[in-house]
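Notes for the one structure printed next.
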Amino acid sequence: MKNIKQKILIILATLSLVIGFFAVPAGVFAAVTVDEAIDGGASKILSTGKLADDWQSLGVARSNTPASKEMRQARYNDIVAYLNQSDRLSATDYERTIIGVVSIGGDPTHIPEATTHKNLVGELYQSNVMNSGVNAIIYGLLALQTKEYTVPENANFSIQEMVDKLLSLQKADGSWALGGAVGDVDMTGMAITALAKYKDMPGVSTALDRSVAWLSSVQLKSGGFKGWSNENSNSLSQALMAITLTGNDPKGALFTKDSDMITALMTYRTADGGFKWLPTDTQSNGMALEQALYALTQYKFYLNGSGSIYDFVNNPVPQLIETPVEPDPSTEEPSSSAEPGTDDSDSSDSNSSDSNVSSEDSSTTTSISDGSDENTEETISDSEGSSNVEKNTTDSSGAGIIGDTDSSTTAPSKEADEEAVQNTSNNANSDNAKSLPSTGEANDYMFLSVLLGASMLLVGVFFLAKNKRKQNN
């Protein structure tokens with residue numbers, strides 16, 4: 001009888017310990033929703049007081065908390081300074097900067113402050129994109145998705161030619177690679193992201209299906225992905241971009257092994273709101289944060305049915321320049337025509353106080369720089385990152401772009417900012433649509449889980465200690 005009681009105590013203690021060990025981590029993880037992760041990442045970037053590069057600009061622009069006009073203007077000034085000191089720009093320099101400019105509410109076709117590079121889109125069309133490597137094709141497609149740009153008559157390439165070129169570089173297994181015969185997750189995710197907009201073009205839909213299947217086949221049991229040699233958050237972020245833009249659910253059966261992609265990405269989150277690169281890292285990493293931030297915002301766009309984070313036409317951001325609308329004389333009612341007894345103060349043309357702000361379309365990007373890019377991070381990794389080889393450096397190309405600095409054109413566009421911020425806000429509250437816990441529910445669940453886990457741990461320790469005392473007696 002005594003042995004039976006001892007066995008029961010040991011079983012209870014073991015169960016208590018197991019439940020405790022699993023309940024505590026589950027509670028801690030449940031404390032962070034997708035929105036909270038986005039908020040934390042954006043806050044970490046904004047707390048520095050500046051937008052350091054184009055990918056930060058993209059991530060923050062699509063977060064729940066867009067940067068202030070002052071911060072975006074400062075980023076624009078940095079970009080102008082970069083352009084003015086750069087005689088020669090590579091294809092990826094143009095492409096990355098276009099994305100950054102649009103993200104802060106500038107116009108990459110009109111940069112009057114620049115001494116030479118006044119029209120980045122026009123110059124990009126004149127560059128040697130088609131022979132600059134796979135990432136130049138990818139970046140180019142993404143950059144030119146940001147707006148409905150007019151193609152110059154003397155352009156060196158067309159969108160169709162870029163799409164065809166990228167399709168021709170796909171491996172037999174459905175993947176893409178920076179170089180060599182073996183595909184990699186980062187490049188495949190980036191290529192899918194660039195092609196998703198053109199799924200109705202010949203051959204694109206089939207290519208996307210093959211590449212999505214390949215990503216599913218190489219997904220790890222953890223729900224994450226390997227780069228060239230290591231499992232890392234950058235590769236996972238690029239895969240997440242691709243999966244959501246092709247309409248696949250990163251929490252669905254196709255991309256859930258022992259865990260799903262969103263759960264896996266959350267394990268890289270650090271206490272300061274950042275994201276680390278490797279699972280074994282203890283500190284957040286700048287590029288990992290940028291990529292995780294815009295990938296999570298793309299996931300939110302997927303949940304909301306809002307399309308691409310690079311579509312700034314349908315998903316506008318606050319603009320740096322107010323575009324005034326001149327009153328139409330034919331619609332104005334002269335004050336002398338007011339009927340007797342009416343108040344002339346109501347007859348003013350309401351159009352004179354309105355302002356139209358052109359919306360812009362931003363394109364997703366990833367960062368693997370080409371060989372001609374002086375701002376590379378070893379073999380593969382722009383600020384958008386590759387997988388294994390990365391120095392956490394800041395892109396020196398910095399800046400966003402706005403138009404004239406004349407006081408008549410730089411007055412704050414309150415109406416435009418409010419409209420775009422409202423648009424961003426509408427995209428920020430969709431956790432409940434997919435049964436993701438709200439902040440309050442998450443915190444309650446965390447508290448209960450931690451309490452349960454701690455209690456079961458104590459019970460387990462108590463039973464083991466009690467059993468040991470009996471054995472000693």
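The values are calculated or read from the model by the stated rules, or taken from the named source; none is laboratory data. Just so you know, these numbers come straight off a predicted model, no measurement behind them. Quick reminder, even Gly has a Cβ in these numbers, built from the backbone with ideal geometry, and neighbours come from all protein chains shown. The accessibility values were calculated without ligands, DNA or RNA, using every heavy atom of the protein model including side chains. Shrake-Rupley method; radii C 1.70, N 1.55, O 1.52, S 1.80 Å.
Over region 233-304, the reciprocal of the mean inverse Cα-Cα separation, the Kirkwood hydrodynamic radius, stands at 12.2 Å. Once all protein chains are placed together, Lys50 keeps about 100 Å² accessible to a 1.4 angstrom probe.
Which entries of Lys69/Lys226; Lys165/Lys251; Lys197/Lys226; Lys147/Lys226; Lys197/Lys251; Lys276/Lys300 show an alpha-carbon separation above 29 angstrom in the structure shown? Table pairs above 29 Å Cα-Cα are Lys69/Lys226; Lys165/Lys251; Lys147/Lys226. For region 146-193, the Cα-based Rg and Dmax, in that order, read 13.4, 38 Å.
Packing, taken as the mean count of other beta carbons within 10 Å per residue, orders the peptides 89-99, 228-238 from highest to lowest as 89-99, 228-238. Could you tell me whether region 28-141 comes out rounded, prolate or oblate from its Cα gyration tensor? Rule is a ≥ b ≥ c as square roots of the eigenvalues, rounded for a/c under 1.5, then prolate if a/b exceeds b/c, otherwise oblate. Oblate, because a/c is 1.5 or more while a/b does not exceed b/c. Near the amide H of Phe275, within less than 5 Å, lie the amide hydrogens of Thr270, Asn285, Leu289, all on another chain or at least 5 residues away, with H placed in the peptide plane.
In order along region 190-197, phi translates into HN-Hα couplings of 5, 5, 4, 4, 5, 8, 3, 5 Hz, rounded to whole numbers, per the Karplus curve 6.51 cos²θ - 1.76 cosθ + 1.60 with θ = phi - 60° and x for Gly and Pro.
Accessible area of Thr280 (1.4 Å probe, protein heavy atoms only, ligands and nucleic acids ignored): about 120 Å². Each of the peptides 117-130, 51-64, 194-207 was scored by the mean count of other Cβ atoms within 10 Å over its residues; in descending order, highest first, they stand as 51-64, 117-130, 194-207.
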